[in-house]
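Participant: Before anything else, here's the structure in question.
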């Protein structure tokens with residue numbers, strides 16, 4: 001039983017990883033080593049997991065032997081932990097949900113599709129999902145985890161509207177990071193500042209940030225960035241996809257960041273899903 005389930009889980013993870021590596025995919029998974037660590041971490045030693053990841057990436061001829069060794073190790077672990085089967089089933093369900101989401105976001109002909117997410121494990125597997133189609137406004141992005149080898153996860157905002165600033169997240173803090181060449185004001189502070197790199201620590205976690213074209217007084221902001229905590233269940237809706245997050249049990253919350261222009265038109269919704277420690 002564990003052999004079949006383990007093999008299915010491994011190949012599903014690999015196939016979804018390959019599909020999400022395509023340039024036009026709006027769903028981006030964590031790297032394969034991170035995914036394997038999420039599923040098998042604490043059960044299987046890294047000496048077994050690391051070669052599996054390399055074998056998939058390199059299409060190694062001894063993949064079958066490595067998979068057999070992994071399955072034997074899982075069988076041995078199952079004698080000490082009766083929850084392994086349930087854990088693997090949750091992982092399979094999470095990967096299947098992501099397959100569905102990727103299929104929907106890859107098809108520009110679909111509209112008004114609803115997806116319900118119950119499993120909190122779904123949010124551990126992906127970096128981000130661009131829920132809106134390329135022509136839609138606002139841009140809607142759901143953010144999951146940051147790869148273990150990344151300093152920060154930069155969210156691609158490719159439209160010309162966002163050419164003056166960049167959005168990113170780091171692994172151990174749910175608040176957004178911003179980089180911009182515009183003048184920055186943190187209300188109610190009246191002073192505007194300009195930075196050459198990512199905004200400093202005193203601006204991280206700010207509820208509202210205003211961006212200005214010039215430093216001169218009296219000119220209104222051209223962008224307003226707002227961040228607030230949100231609770232689940234809740235939905236993120238676009239004309240294409242309505243994603244309803246109803247996690248089983250507790251432990252999930254989010255940080256929702258919005259960007260408005262000077263006319264108060266909503267340009268961006270970025271929601272970072274966070275697991276309670």
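Here's the yes/no breakdown for (1) touching a helix residue (DSSP H, G or I) at 6+ places or on another chain (Cβ under 7 Å); (2) under 26 Å from residue 106 (Cβ atoms); (3) assigned to a loop (DSSP other than H, G, I, E, B):
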residue: 218; (1), (2), (3): no, no, yes
residue: 224; (1), (2), (3): no, no, no
residue: 230; (1), (2), (3): no, no, no
residue: 236; (1), (2), (3): no, yes, no
residue: 239; (1), (2), (3): no, yes, yes
residue: 253; (1), (2), (3): no, no, no
residue: 273; (1), (2), (3): yes, yes, no
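Participant: Taking the stated definitions as given, is residue 176 surrounded by 12 or more Cβ atoms within 10 Å (Cβ to Cβ), touching a residue at least 60 places away in the same chain (Cβ under 8 Å) and within 24 Å of residue 269 (Cβ to Cβ)? Before the answer, list the steps.
Facilitator: Numbers: surrounded by 12 or more Cβ atoms within 10 Å (Cβ to Cβ): yes; touching a residue at least 60 places away in the same chain (Cβ under 8 Å): yes; within 24 Å of residue 269 (Cβ to Cβ): yes.
When the stated conditions are applied, residue 176 passes them.
Participant: Just checking, which of 73, 77, 91 is in the same structural domain as residue 4 (by TED's automatic domain parsing) and modelled with pLDDT of 75 or more?
Facilitator: Working: 73 fails: modelled with pLDDT of 75 or more; 77 fails: modelled with pLDDT of 75 or more.
Unique residue meeting the criteria: 91.
Participant: For the structure I just gave you, tell me whether residue 164 is in contact with a helix residue (DSSP H, G or I) (Cβ under 9 Å, 6 or more places away or on another chain) and surrounded by fewer than 20 Cβ atoms within 10 Å (Cβ to Cβ). Steps first, answer last, please.
Facilitator: Numbers: in contact with a helix residue (DSSP H, G or I) (Cβ under 9 Å, 6 or more places away or on another chain): no; surrounded by fewer than 20 Cβ atoms within 10 Å (Cβ to Cβ): yes.
So residue 164 does not fit the description; no.
Participant: Right, residue 263: under 30 Å from residue 108 (Cβ atoms), surrounded by fewer than 16 Cβ atoms within 10 Å (Cβ to Cβ), more than 19 Å from the chain's Cα centre (by Cα) and modelled with pLDDT of 90 or more or not?
Facilitator: Numbers: under 30 Å from residue 108 (Cβ atoms): yes; surrounded by fewer than 16 Cβ atoms within 10 Å (Cβ to Cβ): yes; more than 19 Å from the chain's Cα centre (by Cα): yes; modelled with pLDDT of 90 or more: yes.
Here the answer is yes, as residue 263 does meet what is asked.
Participant: Tell me, yes or no, whether region 220-236 has at least one residue that is over 22 Å from the mean Cα position of the chain (by Cα), loosely packed, with under 11 Cβ neighbours inside 10 Å and modelled with pLDDT under 90.
Facilitator: Here is the first cut: in region 220-236, the ones over 22 Å from the mean Cα position of the chain (by Cα) are 220-224.
Okay, now just the ones that are also loosely packed, with under 11 Cβ neighbours inside 10 Å, so 220.
Within this subset, residues satisfying the condition of being modelled with pLDDT under 90 are none.
Looking for residues that are over 22 Å from the mean Cα position of the chain (by Cα), loosely packed, with under 11 Cβ neighbours inside 10 Å and modelled with pLDDT under 90, one finds none in region 220-236, hence no.
Participant: Still on this structure, I have one more. Residues to consider are 113, 184; find the one that is modelled with pLDDT under 95 and in contact with a helix residue (DSSP H, G or I) (Cβ under 8 Å, 6 or more places away or on another chain).
Facilitator: Numbers: 184 fails: modelled with pLDDT under 95.
Within the list 113, 184, the selection yields 113.
Participant: Under the condition of being within 28 Å of residue 109 (Cα to Cα) and surrounded by 17 or more Cβ atoms within 10 Å (Cβ to Cβ), which residue from region 241-251 is farthest from the chain's Cα centre (by Cα)? Step through it out loud before you land on a result.
Facilitator: Taking region 241-251 and keeping what is within 28 Å of residue 109 (Cα to Cα), we get 241-246.
Those still in the list that are surrounded by 17 or more Cβ atoms within 10 Å (Cβ to Cβ) too: 241, 243, 245.
On the way: 241: 17, 243: 14, 245: 14 Å.
Residue satisfying both the conditions and the ranking: 241.
The values are calculated or read from the model by the stated rules, or taken from the named source; none is laboratory data. None of these values were measured; they are calculated from a predicted model. For neighbour counting, all protein chains shown are included, and Cβ atoms are generated from backbone atoms with ideal geometry for every residue, glycine included.
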